[in-house]
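J.: There's a structure below that I have some questions on.
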Amino acid sequence: MKNNLVYNQPCLKSIRKKLRQQDIPAEKVLWNKIRNKQLKYKFRRQYSVGRYVLDFYCPKVKLGIEVDGATHGNKIEIKEDIEKENFINRFGVKIIRFINFDIYYEIDGVLT
């Protein structure tokens, strides 16, 4: 399914910008490791697919990365994450998830 109208919709630009300006430590650590093609691929921060915003996205390989903080353990967040992932998967985008602990203490494993 290919539909460029679903990616980075202009109506979500202010939301994406606000998310980028938030200082979320685990996301900042990961961004500093993957930005500027350090892994040979270009990643974007706070990239939207439909009404959902991914923490990081690599268009070349259609890979989304989500960093799940402490709030992602409750039932509502889990349900919303599943809905988000199911929707985004329909566009051929694979999502991988890491928890803050992974970013802080297992960053080498995250990057491989």
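J.: Give, in nm to one decimal, the length gained when the segment between residue 33 and residue 17 is fully stretched (0.36 nm per residue of separation minus the Cα-Cα distance).
T.: 3.7 nm
J.: Report the local net charge at residue 8: Lys and Arg +1, Asp and Glu -1, summed over other residues whose C-beta lies under 9 Å from its C-beta.
T.: Values: positive: 13, 16, 44; negative: none.
Computed value for this residue: +3.
J.: Count the DSSP beta bridges whose two residues both fall in the chain, then state the antiparallel fraction as a percent rounded to the nearest 5.
T.: Details: 9 of 15 bridges.
For the chain, the DSSP antiparallel bridge percentage is about 60.
J.: Would you compute, from DSSP H runs of 4+ residues alone, the mean residue ellipticity of the chain at 222 nm, taking -39500 (n - 2.57) per run and dividing by the full residue count, rounded to the nearest 500?
T.: Values: 5 runs with 45 residues, N = 112.
The per-residue figure over the chain is -11500 deg cm²/dmol.
J.: While we're here: What is the pair-distance distribution P(r) of the chain, computed from all Cα-Cα distances in 5 Å bins starting at 0, with each bin given as a whole percent?
T.: P(r) for the chain, in whole percents per bin: 2, 11, 22, 25, 23, 13, 4, 0.
J.: Could you work out Rg/(2.2 N^0.38 Å) for region 2-55, with Rg from alpha carbons only? The partial results should precede the final answer.
T.: Details: Rg = 12.1 Å, N = 54, 2.2 N^0.38 = 10.0 Å.
That ratio works out to 1.21.
J.: Quick one: length gained pulling residue 83 to residue 101 fully straight, 0.36 nm per residue minus the C-alpha distance?
T.: Taking residue 83 through residue 101 to full extension adds about 4.1 nm, to one decimal.
J.: Tell me, what HN-Hα J-couplings in whole Hz come from the Karplus equation 6.51 cos²θ - 1.76 cosθ + 1.60 at θ = phi - 60° for each residue of region 75-88, using x for Gly and Pro?
T.: Each residue of region 75-88 in turn: 4, 5, 5, 4, 4, 5, 5, 5, 4, 4, 5, 4, 5, 5 Hz.
J.: Once the piece of chain linking residue 74 and residue 41 is laid out straight, how much longer is it, given 0.36 nm per residue of separation minus the C-alpha distance between them?
T.: Working: separation 33, 0.36 × 33 = 11.88 nm, distance 3.30 nm.
Length gained between residue 74 and residue 41: 8.6 nm.
J.: Same structure, new question: What percent does the relative contact order of the chain come to when contacts are Cα pairs within less than 8 Å and at least six residues apart?
T.: Working: 130 pairs, mean separation 27.0, N = 112.
It comes to 24 percent, rounded to a whole number.
Read the figures in this text as sums done on the coordinates, not as results from a lab. Predicted model, so just to flag it, every value in this text is computed and none were measured. Note that each Cβ is placed from the backbone with ideal geometry, even for glycine, and that neighbours are counted across all protein chains shown.
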